[in-house]
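The values are calculated or read from the model by the stated rules, or taken from the named source; none is laboratory data. Bear in mind the structure is a predicted one, so any value in this text is a computation, not a measurement. We place every Cβ from the backbone using ideal geometry, glycine too, and count neighbours over all the protein chains shown.
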Amino acid sequence: MRLYHLDLKIAMFRQDYLRDFFARLKIAGFDGVVIEIDNKLIFPSQPHFAAADALTADAWRDLVRYGKRLGLVIYPLLQTLGHMEHILRHEPYGCLAENVGNAYMLCPSKNESLRLVKDLVRDVFAAFDQPPVIHLGGDEVLGHLERRGLHLCPLCRTRDAGELVVGFLLELADFCLKLGCRPEFWADEILTYPRQFGRFPQETRFVDWYYRRTQATGDTIGHIWGALRLAGEPAGESAWANLPERLRVLLPDLVRDGRFNHFYGASAIARYGYQVVVGSALRSSGDHYALPRVSLSAGNVAVSDTVAREAGYDHLVTSWAVRLSHPETTWIALSDEALGPLSAEQRGWLDTVGHGLGGMDILAEQPMRFERPFHGGLDQALHVLANSPDRDAAVRLLQEREQAGGLLLPVLNENLEKGAGDSHCLRHWLLGTELAVLRARQTLALLGMYRSGIDRPALERLLEQNQALLQRFVRLWSESVTPESLDQECEIKFRRDIRLLENLLCR
Ligand SMILES: [Zn+2]
């Protein structure tokens, strides 16, 4: 099965749009949709964290049945350990957090945590019309805590790390099987603690995800969960001697024909007798908020398609909502024709307009999602960059982006007028390119001003351009997202910048 990941972590889509989107996914060769429901279902047993534009269980059941009538398999994705901010930021759930005051992770040692997640599982099982599978998350837990400045709580610290996570997920897997559906998990934690593989029920599905692999094998070592420091080393005996002891059971999977196997996870999952799902991405970490990186995502999806087809695996094409570009912009990574005819040079421009800048248009998830009004440290990021040795490289990136966008816009406009390509994809690429160009132009101007002082006419022009583009953004996005989600998009992508410009113009 080729599955599409519909991530509702940020924007919620209109129901008429979702029906149309399902139909287009079917035509594009997808067999199913995995819906990351986040806070967009009013969970009947735990209604306290629902978003303002969340749907009832009845409304979701109608949508799921519509998709099923089209021939799609539809099942839900729930986060159950990490990535729990949408729940733990709300009362009465705060006390279940692993770290007090930080909503990232649920504490797996508390009995109430398991009870909460079982309630969620029961609710989605009903709302999704008794799906064949429930994806139970479980990614980016232990290895991720330190990177977020977190640690295990005293209840968890005294337990074995692998046992802690796997014990929690196993309870959920058994609970799913008793309901009558198969459990599915992200594979990164089990690949970090592979000796725990044998404990999962044989019906379990694991998703071997990694979004930067664009070839099946390589001369050098790629991404190994639990041994990231080996990346880039030649794939030979001397590197394998440094493989952590607990990962040595994966050596038969890590090496294929003397080369590093980028899909070693899939190979291990299959060898242990579980159903394999390969995970690729259309939008992933490092994208800016207007457009995805085309070459990377197209290459990642294509190699994953090939590996899945040859080995008989399922393939889950993810599309991460926290990257914020519109899902319609990602069709170009699925079909070369989505933007109409483009020369090799013009395709290169797609990549150049997709180069983002951290702090400007590549945003940290937490403030972007929860800080209101949203400032996201824009003023501070500009101040730091204007006086940093990285300034010249950033200026070059922005100049190239502005130039490539200027060249690309008439080409895309012409293709849209000719009726070539997919009009949804083209219209969102046109708007995304305009936003990318405006942010480049604005950042270049502001970097100058943070060194040599205010240029009022330039600020006034930028303010007008922001307000004009905002109007067009509202018109296009209101076709697909709910009013509440549209307001959030405007806050993140426009009002933050408009507030800064107004602040600088204020006498
Ligand atoms: Zn804990």
Original post:
Among the residues of the range 415-428, is any closer than 16 Å to Gly356 by Cβ and of a type in the set (D, E, K, R)?
Top reply: no
Original post:
Restricting the range 217-239 to residues that are of a type in the set (A, V, I, L, M) and in contact with a Phe, Trp or Tyr (Cβ under 6 Å, 6 or more places away or on another chain), which is farthest from Leu172 (Cα to Cα)?
Top reply: Ala235
Original post:
Does any residue of the range 132-141 turn out to be surrounded by fewer than 17 Cβ atoms within 10 Å (Cβ to Cβ), at pLDDT 95 or above and either under 23 Å from Val33 (Cβ atoms) or more than 15 Å from the ligand (Cβ to nearest atom) (or both)?
Top reply: yes
**OP:** Kindly establish whether Ala50 is surrounded by 15 or more Cβ atoms within 10 Å (Cβ to Cβ), without any contact (Cβ under 8 Å) to a residue 12 or more places away in the chain and farther than 17 Å from Ile134 by Cβ.
**Re:** yes
**OP:** Test Leu170 against the stated conditions and say whether it is at negative phi, within 13 Å of the ligand (Cβ to nearest atom) and crowded, with 16+ Cβ neighbours inside 10 Å.
**Re:** no
**OP:** For the range 79-114, name all the residues that are small (Gly, Ala, Ser) and away from the ligand (no atom under 12 Å from the Cβ).
**Re:** Gly82, Gly94, Gly101, Ala103
Original post:
Which of the residues belonging to the range 265-292 are surrounded by fewer than 24 Cβ atoms within 10 Å (Cβ to Cβ) and not in a helix (DSSP H, G or I)?
Top reply: Tyr272, Gly273, Tyr274, Gln275, Ser284, Ser285, Gly286, Tyr289
Subject >> Residue ID - surrounded by the most Cβ atoms within 10 Å (Cβ to Cβ), chosen from residues in the range 142-164 that are in a helix (DSSP H, G or I) and within 11 Å of the ligand (Cβ to nearest atom) >> reply: Leu164
**OP:** Return the only residue of Gln215, Gln202 being of a type in the set (S, T, N, Q), touching a residue at least 24 places away in the same chain (Cβ under 8 Å) and over 19 Å from Gly279 (Cβ atoms).
**Re:** Gln202
**OP:** For Phe128, state whether it is surrounded by 23 or more Cβ atoms within 10 Å (Cβ to Cβ) and either within 16 Å of the ligand (Cβ to nearest atom) or modelled with pLDDT of 90 or more (or both).
**Re:** yes
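Quick grid of which residues meet (1) closer than 16 Å to Asp497 by Cβ; (2) in contact with a helix residue (DSSP H, G or I) (Cβ under 9 Å, 6 or more places away or on another chain); (3) at pLDDT below 95; (4) in a loop (DSSP other than H, G, I, E, B):
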site: Gly356; (1), (2), (3), (4): yes, yes, no, yes
site: Gln366; (1), (2), (3), (4): no, yes, yes, no
site: Arg372; (1), (2), (3), (4): yes, yes, no, yes
site: Asp379; (1), (2), (3), (4): yes, yes, no, no
site: Leu385; (1), (2), (3), (4): yes, yes, no, no
site: Glu400; (1), (2), (3), (4): no, yes, no, no
site: Gly406; (1), (2), (3), (4): no, yes, no, no
site: Glu414; (1), (2), (3), (4): no, no, no, no
site: Leu430; (1), (2), (3), (4): no, yes, no, no
**OP:** Could you pull out the residue among Tyr17, Tyr75, Tyr4 that is in contact with a Cys (Cβ under 9 Å, 6 or more places away or on another chain), closer than 26 Å to Ala333 by Cβ and of a type outside the set (S, T, N, Q)?
**Re:** Tyr75
